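Student: Here it is, the structure, as structure tokens.
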Amino acid sequence: MEINGLQIASVAFSIFMMYFAYVGYRRKHFEKWGLLVWNLVFGLVIVAVLFPVTFSPFAQILKIARVFDLFTVIGLFFLLVITFINFVQIHKLNGKLGHFIQKEALKEDEKKQD
């Protein structure tokens, strides 16, 4: 098996991201399940990059010509899901922030009237 530069870069990137996920967990940015999920994702990336042939049966079942195309479709779906989750979270935070600002403004207005 011959390893090319793209595989080396992908494995290095995945290891870096696993470390970055661990640092995020240690800083309490997310819980253990978040660390587990992200390490699983980046671990699968390492396996997929080093042993792409193992994913050939999945590509054949889905009638996708090449394993690379399968990874591209999976990556696109993953990005769409993450983007949607971020969209929902941002709108939730905007609603909470607007409610908080409105409440604080009413408190300040009541203090001025007294």
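Student: Can you confirm whether G43 is modelled with pLDDT under 95 and not acidic (D, E)?
Tutor: Here the answer is no, as G43 does not meet what is asked.
Student: Taking the condition basic (K, R) and more than 23 Å from I82 (Cβ to Cβ), does R66 pass?
Tutor: Spelling it out, R66 is indeed basic (K, R) and more than 23 Å from I82 (Cβ to Cβ).
Student: Could you please find all residues in the stretch 64-114 being within 30 Å of L50 (Cα to Cα) and of a type in the set (V, I, T)?
Tutor: I64, V67, T72, V73, I74, V81, I82, T83, I85
Student: List every residue pair whose Cβ atoms lie under 6 Å apart, where the two residues are 6 or more positions apart in sequence or sit on different chains, the first residue falls within the stretch 37-49 and is farther than 9 Å from S14 by Cβ and surrounded by fewer than 17 Cβ atoms within 10 Å (Cβ to Cβ), and the second residue, located anywhere, is at pLDDT 95 or above and among the acidic types (D, E).
Tutor: Once the first residue is farther than 9 Å from S14 by Cβ and surrounded by fewer than 17 Cβ atoms within 10 Å (Cβ to Cβ) and sits in the stretch 37-49, no partner that is at pLDDT 95 or above and among the acidic types (D, E) comes close enough.
Student: Which numbered condition trips up F55, out of (1) over 20 Å from the mean Cα position of the chain (by Cα); (2) exposed (fewer than 11 other Cβ atoms within 10 Å of the Cβ); (3) aromatic (F, W, Y)?
Tutor: With (1) over 20 Å from the mean Cα position of the chain (by Cα); (2) exposed (fewer than 11 other Cβ atoms within 10 Å of the Cβ); (3) aromatic (F, W, Y) applied to F55, the lone miss is (2).
Student: Something else: Provide a single number: the residues in the stretch 55-109 that are charged (D, E, K, R) and touching a helix residue (DSSP H, G or I) at 6+ places or on another chain (Cβ under 8 Å).
Tutor: Number of matching residues: 2.
Student: Please indicate, with yes or no, whether at least one residue in the stretch 101-110 is in the same structural domain as E2 (by TED's automatic domain parsing) and among the small types (G, A, S).
Tutor: no
Student: So, W33, is that one in the same structural domain as M18 (by TED's automatic domain parsing), closer than 29 Å to V11 by Cα, loosely packed, with under 10 Cβ neighbours inside 10 Å and not basic (K, R) or not?
Tutor: Answer is yes for this residue.
The values are calculated or read from the model by the stated rules, or taken from the named source; none is laboratory data. Quick caveat, the model's predicted, so the values are computed rather than measured. Cβ sites come from the backbone with ideal geometry, for glycine too, and all protein chains shown count toward neighbours.
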